[in-house]
Amino acid sequence: MRYLPLTDADRSAMLEKIGAPDVEALFADVPEEARLSGPIEGLPLHASEMAVEKHMRRLSKKNLAAADAAFFLGAGAYRHHVPASVDHIIQRGEFLTAYTPYQPEIAQGTLQMLFEFQSQVARLYGCAVANASMYDGSTACWEAVAMASRVAKGKKRKVVLSGALHPHYAEVVKTMAKFTDDEISHAKPAMQSEPDIEGLTARIDENTASVVVQYPDILGRVTDLQPIADAAHAKGALLIVVNTEPVALGALKSPGEMGADIVVGEGQSIGVGLQFGGPYLGLFAVRDPKHVRMMPGRLCGETQDAEGKRGFVLTLSTREQHIRREKATSNICTNSGLCALAFSVHMTLLGEKGLRNLAMENHRLACIAADKLSAVPGVSLLNKAFFNEFTIRLGTDAREVVRKLTDQQVLAGVSLGRLFPDQTDLADGLIVAVTETTTEEDIDTLASALKEVLA
């Protein structure tokens with residue numbers, strides 16, 4: 001098939017149809033200061049393909065990759081070891097060429113994989129049913145909020161967000177809520193050793209459809225969710241729990257066991273590398289089976305064929321935009337199938353025992369790091385309880401400290417000033433994440449470098 005570009009007559013006809021005098025009029029909403037007045041300075045108008053490739057390779061060498069430094073970044077994205085067997089299996093033709101499994105008779109492998117993925121997520125979260133994945137954790141969080149409003153049948157529109165919810169997740173919820181009637185009640189995070197549960201539950205009232213908390217929270221704190229669940233349920237609201245580090249659930253009590261109604265999160269930690277920011281994997285599960293039809297996305301189920309043989313089908317397919325439109329349960333019409341496959345393969349290789357051992361190693365190394373870093377003069381540990389991520393206070397602007405340590409090939413963590421730029425009282429906070437890929441030598445390097453910078 002040939003590609004036939006638009007002619008001038010085609011463009012003129014299209015502009016006339018929409019009532020625009022010229023193409024430039026389509027950019028009228030873009031501020032003048034944001035527009036280019038001419039060619040980009042210093043950028044040649046043309047170059048050969050080889051010249052561009054050489055230039056881009058030179059630029060890439062300026063990057064500092066996670067594997068090339070003492071790495072302590074987390075705050076929603078974590079570096080874990082992904083076995084080579086995961087990448088090998090997900091590239092097999094049975095999976096690589098498969099698409100949305102509308103015809104079960106030719107997509108049994110894909111359907112079985114998604115069924116097993118759902119089973120793993122449901123068990124991990126302590127829930128009854130999980131869907132066949134979402135785009136990422138932040139959009140899954142909004143989908144949970146939207147689902148809670150559907151369960152409330154529009155009679156309750158208030159959404160209570162914990163101040164300790166990841167700010168990127170909170171911003172996604174706030175952005176999407178601009179197009180709905182949901183009222184967002186948000187609070188600022190407090191720099192204290194334990195979450196402000198009383199302050200959170202005090203904001204729950206009769207108009208509350210959902211309460212959103214993170215576990216472990218953005219500061220790495222771990223707390224019992226049951227009191228929050230009880231307070232939410234007493235007002236007829238659903239508790240939504242966000243988890244950004246699924247490895248933590250190999251050691252901690254699952255959200256479903258503590259009364260969470262909807263559990264969502266980011267699955268990147270298992271099977272999916274950092275990949276410079278994506279693609280990632282959204283997880284979504286519900287504790288009560290009666291909420292299944294309110295769930296967004298797709299759901300694979302087990303069945304029997306005409307001959308009594310075990311088979312798999314697409315049990316629930318909400319067919320969002322193109323059929324149900326404004327009546328849809330979601331505006332997300334696909335799943336992160338390849339990332340879900342990687343998650344499932346890695347989880348299968350680990351098994352329950354392997355996941356628990358992995359979690360224990362993460363926690364062991366984090367405890368060593370917390371002890372050594374808190375021994376550095378001027379540094380104090382905020383957390384009373386944590387898994388593999390905790391917050392330290394430096395007594396000075398953490399962003400500047402991070403920049404200085406980066407120059408020494410040490411990626412020290414994520415500064416709270418970066419996540420919460422408008423809150424000066426958080427500026428000295430640094431979130432440090434430790435995984436099984438961190439060595440005790442890396443921890444010593446960070447402690448030594450931090451002591452030098454703070455001296």
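The values are calculated or read from the model by the stated rules, or taken from the named source; none is laboratory data. Keep in mind the model is a prediction, meaning the values are calculated, not measured. Glycine also receives a Cβ, built like all others from the backbone with ideal geometry; neighbour counts cover every protein chain displayed.
Quick check: is even one residue across segment 128-139 closer than 30 Å to L355 by Cα, surrounded by fewer than 17 Cβ atoms within 10 Å (Cβ to Cβ) and in the same structural domain as K235 (by TED's automatic domain parsing)?
yes
Taking F386 and the conditions (1) farther than 20 Å from H81 by Cβ; (2) in a helix (DSSP H, G or I), which numbered condition does it fall short on, given that it satisfies the others?
(2)
Does segment 162-169 include one or more residues that are outside any loop (DSSP other than H, G, I, E, B) and in contact with a Gly (Cβ under 9 Å, 6 or more places away or on another chain)?
Yes - at least one qualifying residue is present in segment 162-169.
When only residues in segment 86-120 that are among the hydroxyl-bearing types (S, T, Y) and under 24 Å from the mean Cα position of the chain (by Cα) count, which is farthest from T303 (Cα to Cα)?
Per the criteria, the residue is Y99.
Looking for whichever is within 24 Å of S119 (Cα to Cα), buried (at least 21 other Cβ atoms within 10 Å of the Cβ) and of a type outside the set (S, T, N, Q) here; the options are P279, P289, P255. Which one fits?
Values: P279 fails: buried (at least 21 other Cβ atoms within 10 Å of the Cβ); P289 fails: buried (at least 21 other Cβ atoms within 10 Å of the Cβ).
Of the residues listed, the single one that is within 24 Å of S119 (Cα to Cα), buried (at least 21 other Cβ atoms within 10 Å of the Cβ) and of a type outside the set (S, T, N, Q) is P255.
So which of E194, E206 is farther than 28 Å from S415 by Cβ and of a type outside the set (V, I, T)?
Values: E194 fails: farther than 28 Å from S415 by Cβ.
E206 is the lone residue from the list that is farther than 28 Å from S415 by Cβ and of a type outside the set (V, I, T).
Quick grid of which residues meet (1) basic (K, R); (2) farther than 21 Å from L64 by Cα; (3) at pLDDT 95 or above:
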| position | (1), (2), (3) |
| --- | --- |
| F390 | no, yes, yes |
| A398 | no, no, yes |
| L405 | no, no, yes |
| Q409 | no, no, no |
| G413 | no, no, yes |
| R418 | yes, no, yes |
| D422 | no, yes, no |
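Is it true that I240 is at pLDDT 95 or above, part of a strand (DSSP E or B) and surrounded by 21 or more Cβ atoms within 10 Å (Cβ to Cβ)?
When the stated conditions are applied, I240 passes them.
For every residue, the table says whether it meets (1) touching a helix residue (DSSP H, G or I) at 6+ places or on another chain (Cβ under 8 Å); (2) free of Cβ contacts under 8 Å to residues at least 24 places away in the same chain; (3) in a loop (DSSP other than H, G, I, E, B).
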residue	(1), (2), (3)
P39	no, yes, yes
P44	no, yes, yes
A47	yes, yes, yes
A51	no, yes, no
L73	yes, no, yes
G76	yes, no, yes
H88	no, yes, no
E94	yes, yes, no
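Looking only at strands (runs of 3 or more DSSP E) that lie completely in segment 278-376, which have at least 3 residues being modelled with pLDDT under 90?
310-317
Hey, among A370, A342, A398, A427, which residue is outside the structural domain of E441 (by TED's automatic domain parsing), buried (at least 16 other Cβ atoms within 10 Å of the Cβ) and either free of Cβ contacts under 8 Å to residues at least 24 places away in the same chain or of a type in the set (A, V, I, L, M) (or both)?
Going through A370, A342, A398, A427 in turn, the sole match is A342.
Which one of S48, S85 is polar (S, T, N, Q) and closer than 19 Å to G271 by Cβ? Write out each step before concluding.
On the way: S48 fails: closer than 19 Å to G271 by Cβ.
Only one candidate passes the filter, namely S85.
Here is a check on your reading of the model: is T201 in a helix (DSSP H, G or I), surrounded by fewer than 22 Cβ atoms within 10 Å (Cβ to Cβ), of a type in the set (S, T, N, Q) and in contact (Cβ under 8 Å) with a residue 12 or more places away in the chain?
In short, yes.
What's the number of the condition S119 fails, among (1) surrounded by 13 or more Cβ atoms within 10 Å (Cβ to Cβ); (2) more than 24 Å from P289 (Cα to Cα); (3) at pLDDT 95 or above; (4) of a type in the set (S, T, Y)?
(2)
With the checklist (1) without any contact (Cβ under 8 Å) to a residue 40 or more places away in the chain; (2) part of a loop (DSSP other than H, G, I, E, B); (3) in contact with a helix residue (DSSP H, G or I) (Cβ under 8 Å, 6 or more places away or on another chain); (4) farther than 26 Å from D425 by Cα in hand, flag the one item F179 doesn't pass.
(3) is the only condition that F179 fails.
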